Amino acid sequence: MNNFTYQLYRIIIPKYFRKRIQAKRMTSSIFHYYKNNPEAVTSEVEEVVNYLKSNPITVFPYAFQDHYHAEDIEVFDDDKTGLRYVLLDEKRLYFKKKWRKDKIKRAYNNLLKEQDTQSPHRYINDQFQFDEGNVLIDAGAAEGNFALSVVEKASKVILLESDMEWLEPLQATFAPWKDKVMIVNKFVGEIANSSQTSLDDIIVPNQAGIFLKADVEGGELKLLKGATKLLSKQKPLKIAICTYHKANDKKELSDFLSKYNFDISFSKGFMISIYDKTMKKPYLRCGLLQAKKVE
């Protein structure tokens with residue numbers, strides 16, 4: 001499809017139907033790939049394929065996500081800030097001012113799925129915990145749901161979020177802990193300049209344990225390249241970093257971190273980047289890399 005045809009297609013076909021067409025094509029591509037590459041079919045792959053045979057394609061192709069329903073979520077209005085919020089463990093989690101209640105419900109429902117105990121995107125598990133007194137570096141904080149879930153255990157929280165529209169909600173969410181929370185409204189990458197920062201530019205290795213959570217929409221490798229001092233000098237250090245944005249993330253990120261003597265593991269299961277129009281085989285991607293280095 002050339003550019004002219006694609007633009008015409010976007011004009012004629014409503015967005016809802018374009019998404020359904022893309023979803024059907026991606027499902028067919030997944031079936032075709034694994035049917036013709038049986039050597040790539042593991043028990044984990046087979047579980048996903050079987051799920052897709054009787055369910056619509058989704059980011060988390062597992063039965064656990066079917067138990068979450070956006071309509072069950074209650075959204076509250078805060079007259080003081082003019083923002084809306086939901087309750088996460090009885091703590092207020094605020095959202096962008098322009099977001100309607102239905103959008104907040106959908107967004108928070110996705111966050112609940114994302115951090116389900118069976119999710120391949122869950123940052124912590126029984127073997128990989130956020131410890132009392134840790135410093136949290138949350139790169140790609142967005143609404144800050146993970147930081148809010150551990151803020152009372154943390155000795156300090158550094159939120160890195162480049163989207164200006166998240167600044168006001170983050171300030172409202174973390175107002176009760178403002179003495180130990182710092183918000184940096186910049187991109188985080190390999191270098192520090194007027195528009196972005198690097199982890200080495202803002203974090204000094206210290207004796208306290210540091211927990212780095214990173215979900216920066218495909219910029220994860222650049223983030224690590226801008227944190228070589230932290231990676232080489234900081235102990236203890238734990239890293240939970242997303243590996244599903246790009247096809248080679250799992251290999252590239254693990255290869256990079258292996259140079260710093262981390263104990264590396266991966267989350268169980270797969271994610272499907274259903275909004276990635278350029279997604280290619282093998283389609284199923286690892287959700288998360290967990291790395292730790294102890295004293």
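The values are calculated or read from the model by the stated rules, or taken from the named source; none is laboratory data. Every value quoted in this text rests on a predicted model; they were computed, and no experiment measured them. Because the Cβ atoms are built from the backbone with ideal geometry, glycine has one as well, and the counts that use them run over all protein chains shown. Note: accessible area is taken over every heavy atom of the protein model, side chains too, but ligands, DNA and RNA are not part of it. Shrake-Rupley method; radii C 1.70, N 1.55, O 1.52, S 1.80 Å.
Miscellaneous remarks
- Pairs, first acidic (Asp, Glu) in region 181-193, second open to solvent by 20 Å² or more (accessible area, probe 1.4 Å), C-beta under 7 Å, six or more apart: 190/222; 190/225
- Count - residues of region 62-84 that are part of a helix (DSSP H, G or I) and either on the phi > 0 side of the Ramachandran plot or among the polar types (S, T, N, Q) (or both): 1
- Qualifying residue in region 100-107 (condition: more than 20 Å from the chain's Cα centre (by Cα) and among the acidic types (Asp, Glu)): yes
- Among helices (runs of 4 or more DSSP H) entirely within region 85-177, having at least 3 residues that are in contact with a helix residue (DSSP H, G or I) (Cβ under 9 Å, 6 or more places away or on another chain) and either in contact (Cβ under 8 Å) with a residue 24 or more places away in the chain or surrounded by 21 or more Cβ atoms within 10 Å (Cβ to Cβ) (or both) singles out 101-114, 145-150.
- The residue of region 26-76 that is farthest from residue 89 (Cα to Cα), among those that are open to solvent by 40 Å² or more (accessible area, probe 1.4 Å) and in contact with a Leu (Cβ under 8 Å, 6 or more places away or on another chain), is 31.
- If the condition is being open to solvent by less than 50 Å² (accessible area, probe 1.4 Å) and on the phi > 0 side of the Ramachandran plot, then region 178-226 contributes only 218.
- Applying the criterion of being charged (D, E, K, R) and over 30 Å from residue 235 (Cβ atoms) to the residues of region 253-284, the residue that is least open to solvent (accessible area, probe 1.4 Å) is 276.
- Residue 10 surrounded by fewer than 12 Cβ atoms within 10 Å (Cβ to Cβ) and at pLDDT below 95: yes
- Residue 87 vs. criteria farther than 20 Å from residue 271 by Cα and of a type outside the set (Ser, Thr, Tyr): yes
- Residue selection: residue 201 satisfies the criterion of being within 21 Å of residue 155 (Cα to Cα) and out of contact with any Ser or Thr (no Cβ under 7 Å at 6 or more places or on another chain).
- Of all residues in region 242-252, one or more are under 20 Å from residue 197 (Cβ atoms), surrounded by 22 or more Cβ atoms within 10 Å (Cβ to Cβ) and at pLDDT 95 or above.
- Looking only at region 210-235, residues that are more than 21 Å from residue 192 (Cβ to Cβ) and at pLDDT below 95 come to 1 in all.
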